[in-house]
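Enquirer: Below is a structure I'd like to ask you about.
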Ligand code: URA
């Protein structure tokens with residue numbers, strides 16, 4: 001694959017830079033843009049096309065699931081691009097050679113429930129020996145804090161490269177809570193993979209976890225008043241599992257369910 005075929009855009013602290021700059025001026029942002037891990041936007045035309053399919057309101061649950069499955073392994077491919085290699089002596093049918101093999105740590109994929117589940121199974125086709133941990137978080141409607149309701153990780157977590165799969169990086173609260181919890185459980189090298197990111201979410205992750213690189217297919221414009229990504233694709237969990245609630249009768253516009 002040539003570099004032209006596989007363009008990625010590395011952005012170090014570009015998202016919401018205006019907001020980050022004003023926070024910094026107020027002395028509240030610990031972001032050091034020079035040492036913060038990169039945000040990689042996978043702007044490959046095939047990925048952009050697939051993302052458009054996900055965004056379309058007319059895309060059915062079946063199609064949405066299928067496209068999430070197509071995108072998952074490519075995001076993982078990009079997030080594992082820098083895994084270290086060593087070489088090992090092997091014998092081909094023709095001769096002995098030293099050939100590259102992955103060195104050291106193996107992978108642990110951690111989908112954030114629910115939407116993360118839509119990509120993980122397909123990611124395993126690319127990394128079949130990866131372990132999978134699960135984390136479930138919901139937002140307390142009063143305090144807005146991320147509350148953990150499920151956490152189940154392999155014992156080998158500290159020895160693995162941990163890839164957190166949180167498709168919608170909106171406010172960043174659940175991603176930050178998941179990353180903090182994983183670090184407390186012993187995870188040492190972490191990456192965050194998402195389908196869509198909002199500038200506010202990127203800013204929060206970069207300020208709380210500057211060591212964690214972020215991989216996404218798009219940095220969207222903003223969040224709306226309900227913390228949905230705009231233009232976004234709606235509620236990824238609902239679209240994936242077909243659980244969107246019907247609009248209440250008498251209303252002209254459907255009211256939004258509480259976001260995960
Ligand atoms: N989670 C979603 O599923 N969609 C959004 O737009 C934001 C968070």
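Enquirer: How high is the relative contact order of segment 51-175, given as a whole-number percent (alpha carbon pairs under 8 Å, six or more residues apart)?
Expert: On the way: 173 pairs, mean separation 29.2, N = 125.
Over segment 51-175, the number comes to 23 percent.
Enquirer: If the chain between residue 189 and residue 66 were fully stretched, how many nm would it gain, using 0.36 nm times the residue separation less the Cα-Cα distance? Write out the running numbers ahead of the final one.
Expert: On the way: separation 123, 0.36 × 123 = 44.28 nm, distance 2.97 nm.
Taking 0.36 nm per residue and subtracting the Cα distance, the gain is 41.3 nm.
Enquirer: Give me the extension gain from residue 134 to residue 34: residue separation times 0.36 nm, minus the current Cα-Cα distance, reported in nm with one decimal.
Expert: Details: separation 100, 0.36 × 100 = 36.00 nm, distance 3.20 nm.
Length gained, residue 134 through residue 34: 32.8 nm.
Enquirer: Report the extension gain between residue 43 and residue 152 in nm, rounded to one decimal, defined as 0.36 nm multiplied by the number of residues separating them, less their alpha carbon distance.
Expert: Values: separation 109, 0.36 × 109 = 39.24 nm, distance 3.30 nm.
My answer for the length gained is 35.9 nm.
Enquirer: Rank by packing, highest mean first: peptides 173-183, 188-198, 233-243, with packing defined as the count of other Cβ atoms within 10 Å averaged across residues. Numbers along the way, then the final one.
Expert: Values: 173-183: 21.1, 188-198: 24.5, 233-243: 19.1.
Put in order of decreasing packing, that is 188-198, 173-183, 233-243.
Every read-out reported here was derived from the displayed coordinates using simple, explicitly stated rules and does not represent laboratory data. This is a predicted model, so every value here is computed, not measured. Cβ: placed from backbone, ideal geometry, glycine included. Neighbour counts: every protein chain shown.
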